[in-house]
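Asker: Below is a structure I'd like to ask you about.
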Amino acid sequence: MTLRDIIKNVQRELPGVEVDGIAGTQTMLAVLDYIRTHEGGGLTPIPDDQHVSTDGAPTALHARTLATIGTLDPKARENFIRFSQLAETTAATFGCDYIAISGGRSWEEQAMLKRKSDAGGPHAAAPGYSWHNFRLAADYGVFLNGGSIYLDGGSAEQQRLAERVHAACSVHARDCGIVWGGTFKGKSFDSPHYQYDLGRLTPTAADRAKFQREGSLL
């Protein structure tokens, strides 16, 4: 039996899903809905008032994820919504939630993070050198219990699980036009980080000038 045959067998058990053997967004959302609505799934159901639609399709995403994506450049949001749908479904197979927790940042907010970094805190780029400042990046966290237990900041065991979830979810990034920070080298390694793919890892002087002039790079 091929992988495509296995996917077709799964699709036959999911309502409203085309049986084509392709594990696309429609199939992944149906799987996520199944996990959330059946006992033993290990996930807290999302309240009905947090289910919104994008172009007529339910996102099945957490309100915090949607709010974070709302801080991004409008032309990048569709990429991050699709990634979030796929990543959330993948995280659900671990019994976890994958929630976007930080999106667009002002240069003043970036300067504050840089000061904390210089004082020994987590690595942060200088203002104008982070894609967050251009509203083209988002950080994701791994959670339990509907977002109440943050594994990235938990015990060593919880952090190990979080890293496994980040790595598993990251496989969807490239197909969504997004770059994963877990591929960065040295101090720049950042597994919760994802950025819109502009073909370069860091902003240039030309990017900063264009953004200040036009308010967007897209």
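The values are calculated or read from the model by the stated rules, or taken from the named source; none is laboratory data. Since this is a predicted model, take the numbers as computed values, not measurements. In this analysis, Cβ positions are derived from the backbone assuming ideal geometry, glycine residues included, and neighbour counts consider all displayed protein chains. Surface accessibility is based on the protein's heavy atoms, side chains included, excluding ligands, DNA and RNA. Shrake-Rupley method; radii C 1.70, N 1.55, O 1.52, S 1.80 Å.
Asker: Taking the stretch 146-202, which chymotrypsin sites (Phe, Trp or Tyr not before Pro) meet the DSSP loop condition and have no more than 12 other C-beta atoms within 10 Å?
Answerer: Here the sparse-neighbourhood loop sites are F189.
Asker: Here's something else I'd like to know. What are the semi-axes of the equivalent ellipsoid for the stretch 131-175, taken as the square roots of 5 times the Cα gyration tensor eigenvalues, largest first, in whole Å?
Answerer: Over the Cα atoms of the stretch 131-175, the ellipsoid semi-axes are 22, 14, 10 Å.
Asker: Rounded to the nearest 10 degrees, what's the angle between the helix 156-169 long axis and the longest principal axis of the chain, both from Cα atoms, 0 to 90?
Answerer: Tilt relative to the chain: about 80 degrees.
Asker: With runs of 4+ DSSP H residues as the only contributors, calculate the mean residue ellipticity of the chain at 222 nm using -39,500 (n - 2.57) per run, divided by the residue total and rounded to the nearest 500.
Answerer: Only helices count here, giving -12000 deg cm²/dmol.
Asker: A further question on this structure: Using the basic label-point model (7 angstrom from Cα toward the beta carbon), what is the E18 to E157 distance in nanometres?
Answerer: 4.4 nm
Asker: Under 19 Å between C-alpha atoms is the cut-off here; go through the chain and count lysine pairs that meet it, provided they're at least eight residues apart or on different chains.
Answerer: On the way: K75/K210; K114/K185; K114/K187; K116/K187.
So the count of such lysine pairs works out to 4.
Asker: Counting only protein heavy atoms, what percent of the accessible surface of the chain is carbon or sulfur at a 1.4 Å probe?
Answerer: Taking all protein chains in place, the chain shows 53 percent carbon and sulfur surface.
Asker: Find which of W107, T93, N79 sits farthest along the positive direction of the dipole of the stretch 71-125, computed with +1 on the beta-carbon of Lys and Arg, -1 on that of Asp and Glu, about the Cα centre.
Answerer: Farthest along the dipole direction, towards plus: W107.
Asker: Kirkwood hydrodynamic radius, computed over distinct alpha-carbon pairs, for the stretch 152-218: how many Å, to one decimal?
Answerer: Over the stretch 152-218, the inverse of the mean reciprocal pair distance is 13.7 Å.
Asker: With an 8 Å Cα cut-off and a minimum separation of 6 or more residues, compute the relative contact order for the chain in percent.
Answerer: About 16 percent, as a whole number.
Asker: Hey, got the Cα dimensions of the chain along the principal axes, in Å, largest first?
Answerer: Principal axes ranked by extent give 52, 39, 37 Å for the Cα atoms.
Asker: If you split all Cα-Cα distances of the stretch 67-181 into 5 Å bins from zero, what percentages do you get per bin, shortest first?
Answerer: Result returned by the calculation: 2, 12, 20, 21, 20, 17, 7, 1.
Asker: Where the centre of each part is set by its Cα atoms, how far does the stretch 59-109 sit from the stretch 131-167, in angstrom?
Answerer: Here the answer is 12 Å between Cα centres.
Asker: Accessible area per residue for the chain in Å², computed with a 1.4 Å probe and the full protein assembly in place, what is it?
Answerer: Spelled out: the 1.4 Å probe surface of the chain, per residue, equals 53 Å².
Asker: Rounding to the nearest 10 and keeping the result within 0 to 90°, find how far the Cα-based axis of helix 74-92 lies from the longest principal axis of the chain.
Answerer: 50 degrees
Asker: Roughly how many nanometres apart are two label points built 7 Å out from the Cα toward the Cβ at L201 and D118?
Answerer: Label at L201, label at D118, 2.3 nm between them.
Asker: What does the convex hull of the alpha-carbon atoms of the stretch 62-129 project to on average, in nm²? Please list the in-between numbers first.
Answerer: Details: hull surface 22.4 nm².
Over every viewing direction, the Cα hull of the stretch 62-129 projects on average to 5.6 nm².
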